[in-house]
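Asker: One structure, pasted below without further comment.
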Amino acid sequence: MSALSPTGEPMPVRVFGGPTALFEYGGLRFLTDPTFDAPGDYPRPDGRRLTKTAPSSGSPADLGRIDVVLLSHDEHPDNLDHSGRALLADVPLTLTTPGGGQRLGEGATGLTDWESVELDRPGGGTITVTGVPAVHGPGPREEVEAVTGEVVGFVLTGDGLPTVYVSGDNASLDAVKEIAERFAPVDTAVLFAGAPRFPNLFDGACIVVDSARAAEATQILGARRVVPVHYDSWGHFTEGREELVAAFTAAGLADRLDLG
């Protein structure tokens, strides 16, 4: 099954910059990690400073109806900023980490690894959204989570629908292999990339996949199409569009990369 909409066209994914993307799936409209603030600085309690360097390509007013927000984590402003938090109040359902589900309150549901929710489709049928592992840094998950917190990815499935994977801020190819064992081949993978690094965090190692590992994840998943997100608009990203194109080309996967 290819990554096609019911009309036979590729499932449209609109990317707004950073980790924020909008797509319709099975008649429902999904938004990933909403970030629509203007460029600026976000001081962090640990002394690090996140800097948004470019505006989003749209605003919440451009979105139309949103049925579900897929929020990989709520604790970092480059994944959920002030305008994103305000937007959640008008969305019926936010799926996120177990801790995020508690912090965000009404309307938010946390998913553990492999936990699923069934969503009713307009006109009948259901969509299954499954929470899948994500590790926001290098090394054992428990040690990483003690520093960067919980993150969750998502897999969307349904009768007659393509399989869609949203990675969230994940640096672990072992997690990708676990997901592939259950869901491969994937039709559309929305992969968070950008090789973000901080000199004083994990000895400067990537806390999300770099471009080469995004290409490797594509191979592991058997993904027919990859829409990369979270590789621009923030100062801590160290790789962007050029590096993604080079890595996918070197891996013989350039035809799977969808940069819009």
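Since every read-out is calculated from the coordinates, none of them should be taken as a lab result. Just so it is clear, the model here is predicted, and its values are computed rather than measured. We place every Cβ from the backbone using ideal geometry, glycine too, and count neighbours over all the protein chains shown.
Asker: Over the range 140-260, what is the relative contact order in percent, taking alpha-carbon pairs closer than 8 angstrom and at least six residues apart?
Answerer: Here the relative contact order equals 23 percent.
Asker: So which GluC sites (Glu not before Pro) in the range 81-127 pass both tests, a DSSP loop state and at most 15 other Cβ atoms within 10 Å of the Cβ?
Answerer: Listed in order of number, the matching sites are Glu106, Glu115.
Asker: Can you compute the charge dipole magnitude of the chain about its Cα centre, using +1 on each Lys and Arg Cβ and -1 on each Asp and Glu Cβ, nothing else charged? Give it in debye, rounded to the nearest 20.
Answerer: Computed about the Cα centre, the dipole is about 360 debye.
Asker: From Cα pairs below 8 angstrom and at least 6 apart in sequence, can you work out the relative contact order of the chain, rounded to a whole percent?
Answerer: Over the chain, the number comes to 16 percent.
Asker: Please return the longest range in the chain lying between exposed loop sites, taking trypsin sites (Lys or Arg not before Pro), DSSP loop only, at most 13 other beta-carbon atoms within 10 Å, and leaving the sites out. Write out the running numbers ahead of the final one.
Answerer: Working: sites that count: Arg48, Arg65.
With trypsin sites (Lys or Arg not before Pro) excluded where exposed in loops, the chain gives 66-260 as its longest stretch.
Asker: What are the ³J(HN,Hα) couplings of the range 161-170, residue after residue, when phi is run through the Karplus curve with 6.51, -1.76, 1.60 and θ = phi - 60°? Round to Hz, x for glycine and proline.
Answerer: 10, x, 8, 10, 10, 10, 6, x, 6, 10
Asker: Next question. Using the Cα gyration tensor of the range 22-74, with a ≥ b ≥ c the square roots of its eigenvalues, what is the shape: rounded (a/c below 1.5), prolate (a/b larger than b/c) or oblate (neither)?
Answerer: Values: a/c = 3.89, a/b = 1.90, b/c = 2.05.
Oblate.
Asker: How do the peptides 143-149, 69-75 rank, highest first, by the average count of neighbouring beta carbon atoms within 10 Å per residue?
Answerer: 69-75, 143-149
Asker: Now a separate question. Given a cut-off of under 8 Å on Cα pairs at least six residues apart, what relative contact order in percent is computed for the range 53-126?
Answerer: 22
Asker: Quick one, which of (1) 129; (2) 118; (3) 169 is the actual volume of the Cα convex hull per residue in Å³ calculated for this model?
Answerer: Checking each listed value against the structure points to (2).
Asker: If one computes the Cα centroid of the range 76-149 and of the range 18-68, what distance in Å separates the two points?
Answerer: 14
Asker: Another one. According to the square roots a ≥ b ≥ c of the eigenvalues of the Cα gyration tensor, what is the shape class of the range 125-260, taking rounded for a/c under 1.5, prolate for a/b larger than b/c otherwise, and oblate for the remainder?
Answerer: Values: a/c = 1.96, a/b = 1.24, b/c = 1.58.
Judged from the Cα gyration tensor, the range 125-260 comes out oblate (a/c at least 1.5, b/c at or above a/b).
Asker: What does the helix-only formula give at 222 nm for the chain: each DSSP H stretch with n ≥ 4 adding -39500 (n - 2.57), the total divided by the residues, and the result rounded to the nearest 500 deg cm²/dmol?
Answerer: Result for the chain: -6000 deg cm²/dmol, rounded to the nearest 500.
Asker: Most fluctuating residue of Thr51, Thr130, Thr35 in a GNM of the chain with Cα springs under 10 Å: which is it?
Answerer: Looking only at Thr51, Thr130, Thr35, the biggest GNM fluctuation is shown by Thr51.
Asker: Run the paramagnetic zone check for Glu75: 7 angstrom along Cα to Cβ, then residues of the range 93-117 with backbone nitrogen under 16 Å.
Answerer: 96-105, 110-113
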